[in-house]
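What follows is a single structure, written as structure tokens, with notes after it.
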Amino acid sequence: MKIAYVSYEVSPYAKAGGLADVAGALPIYLKKMGAEPYVIMPLHKSIEKNFDVSQFKLVKENLMPDSHTYKIPFSVYQGYLPNSEVKIYFIKTDKLFDSKNIYEEENIFLKTSFFCDASLKTIKEIESDTDVININDWHTSLIPVYLKTNYYEDTSLRKIATVLTIHNIGYQGLFDSGVLTTAGLPSYLFNMEALEFYGKVNILKGGIMFSDVINTVSPTYAKEIQTKEYGFGLEGILKIRSEDLYGILNGIDYSVYNPLTDPHIFYPIKTYEDKLKNKKKLQEYLNLPQKKSATIVSFIGRLYEQKGIDLIKNMIKYLLLTDIQFVILGTGNENYEGFFKSLENEFPQKVSINITFDTDLAQKIYAGSDIFLMPSRYEPCGLGQMYSMRYGTIPVVRYTGGLEDTVIEYDPISKVGTGFGFYEYNESELLMTSLKAVYYHQKKKDDWKILFQNCMGADFSYDKSAKEYLELYKKAMSKKS
Ligand SMILES: Nc1ncnc2c1ncn2[C@@H]1O[C@H](COP(=O)(O)OP(=O)(O)O[C@H]2O[C@H](CO)[C@@H](O)[C@H](O)[C@H]2O)[C@@H](O)[C@H]1O
């Protein structure tokens, strides 16, 4: 089975969040299962800056998208996902994909729609025997729309099945109706049964309506997005498509996120003592007092409401009354950045706020913290809680989406469980649950060590999800025969 995995971000080449991690790992595990996956992504400017692109092979040049009105030529370069035999094709033009932040709003429709049409051209020219295209989020959602409209008569493309993976329904790609002309798509698509959404064009809706099969990244989130609370207005059409909607939990790449070999962390972690050595070094690294007794409570992620950052903001001063050290690594909403920076000024001995995107520091924090906070308002899957568990850091989460599917509430009687959580989205719940975790860390040391072992022993490897994806691709292909 040949699979095109198309993503706007792919780790390690360009990463803005969790999608990149999945796109950089899942294809490798699909290959291990005997499938023939390859990846397509834009050659973002940052890749040319950060990687030796001369190692990529030029496979085609002067290609032109067939439908798109932006008639500029593009080239296709080919490399590999690191330490693998999975091919990755980079689409390069001189004029697009040049912003520092890959999702910068200026021209984002032009860039993403061009990328969709160019990806189809790449598949047709280079990998015409592809069976399935796995698209990801709204940025690649025009691919099935093109396939079922402009390329419907194209015998080499029309046989390819499509799977849309929704990593985050909060981002849908809303534009004025004129963008259909830009993309070279028929104007009849501006219709409630297709892409129209309250007077706008909704690109993700196009992906949902036109893909053969849809999945999201955890079973619980697949159910949640069919409700008003979590569907962001798309719950109705997701309900219509519920027979083709699946939930497959993400895994984590055990070869990269390996506490025994991770080059970013201070010491390999096997035992609880190894963890304490990392904690001490982290404190030193972040200019915090090297206090063994203080509980390090950390947060890594985008500083937006999705991640429950408003709850942290509202309760953190109460939690700081206890013997904790609080660490943030993240960027996002300026108000939150400002609030947490002033918190650091107020409590320099207890708070370390790092407003930057730094994958090296992220690993050090996953490895050196005691508790990892993830009180998300909604969470399609969430990788942070899995990374933290992998490094023996106990998660405190709101039980929603993938957090509910991956964190098991600790039961001190049976000694089963990997963390602590709550359901109601409010700061008192988060405060109570965090206090409970801090209490266990400081007063119930035997239980804490068991929690540490339970987390380190949890299995989030990709083997299971890769298998489920292959089944999903088969389902999508069966719709074509
Ligand atoms: N400032 C920073 N510096 C360094 N690293 C940082 C960072 N901020 C975030 N990260 C990293 O980015 C990734 C975030 O992944 P998540 O899955 O937790 O959330 P995200 O919302 O981006 O992903 C969306 O897609 C993924 C993949 O499907 C879903 O798991 C998730 O629920 C959904 O919201 C982690 O690898 C984290 O370490």
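Here, each number is a calculation from the coordinates, and none is a lab measurement. Model, not experiment: these values are computed from the prediction. Cβ: placed from backbone, ideal geometry, glycine included. Neighbour counts: every protein chain shown.
Points worth noting:
- On Cα atoms only, tilt of 108-126 relative to the major axis of the chain in degrees: 60
- The stretch 386-481, Rg to Rh (Cα coordinates; Rh as Kirkwood inverse mean 1/r): 1.14
- For the chain, the longest principal axis of the Cα atoms and the long axis of helix 309-319 meet at an angle of about 0 degrees.
- With Cα atoms, 0 to 90° folded angle of helix 427-443 axis to the chain main axis: 50
- Evaluating 6.51 cos²θ - 1.76 cosθ + 1.60 at θ = phi - 60° for every residue in the stretch 148-156, the Karplus couplings come out as 8, 10, 4, 9, 4, 8, 7, 5, 7 Hz, glycine and proline recorded as x.
- Gap separating the Cα centres of the stretch 172-234 and the stretch 59-129, nearest whole Å: 22
- Phi-based couplings in Hz for the stretch 130-142 (Karplus 6.51, -1.76, 1.60; Gly and Pro marked x): 5, 9, 9, 10, 9, 9, 9, 6, 5, 4, 10, 6, 7
- Anisotropy class of the stretch 272-459 from Cα gyration tensor, a/c 1.5 cut: rounded
- Whole-number percent relative contact order across the stretch 272-459, with pairs defined as alpha carbons under 8 Å at least 6 apart: 22
- Cα centroid of the stretch 324-383 to Cα centroid of the stretch 405-481, whole Å: 20
- Close amide H partners of residue 88, meaning residues 5 or more places away or on another chain with modelled amide H under 5 Å apart, are 39, 79, 80, 81.
- Rounded to whole Hz, the Karplus (6.51, -1.76, 1.60) HN-Hα couplings of the stretch 359-374, x for glycine and proline: 5, 5, 5, 4, 5, 5, 6, 4, 7, x, 7, 8, 10, 10, 8, 8
- Computed E for residue 444/residue 53 - FRET, C-beta separation, R0 60 angstrom, nearest 0.05: 0.70
- In terms of distances greater than 20 angstrom between alpha carbons, the cross-link table entries 148/467; 205/307; 159/479; 415/443; 223/436; 281/350 yield 148/467; 205/307; 223/436.
- Relative pair counts by distance (%), Cα atoms of the chain, 10 Å bins: 4, 20, 29, 25, 15, 6, 1
- Across the chain, C-alpha contacts under 8 Å between residues 6 or more apart give a mean separation that, scaled by the residue count, equals a relative contact order of 13 percent.
- Under-5 Å amide H pairs with residue 170, H placed in peptide plane, nonlocal only: none
- The loop-placed trypsin sites (Lys or Arg not before Pro) in the stretch 208-307, going by DSSP, that have at most 10 neighbouring Cβ atoms within 10 Å of their Cβ come out as 228, 292.
- For residue 177, the residues 5 or more places off, or on other chains, whose built amide H falls under 5 Å of its own are 201.
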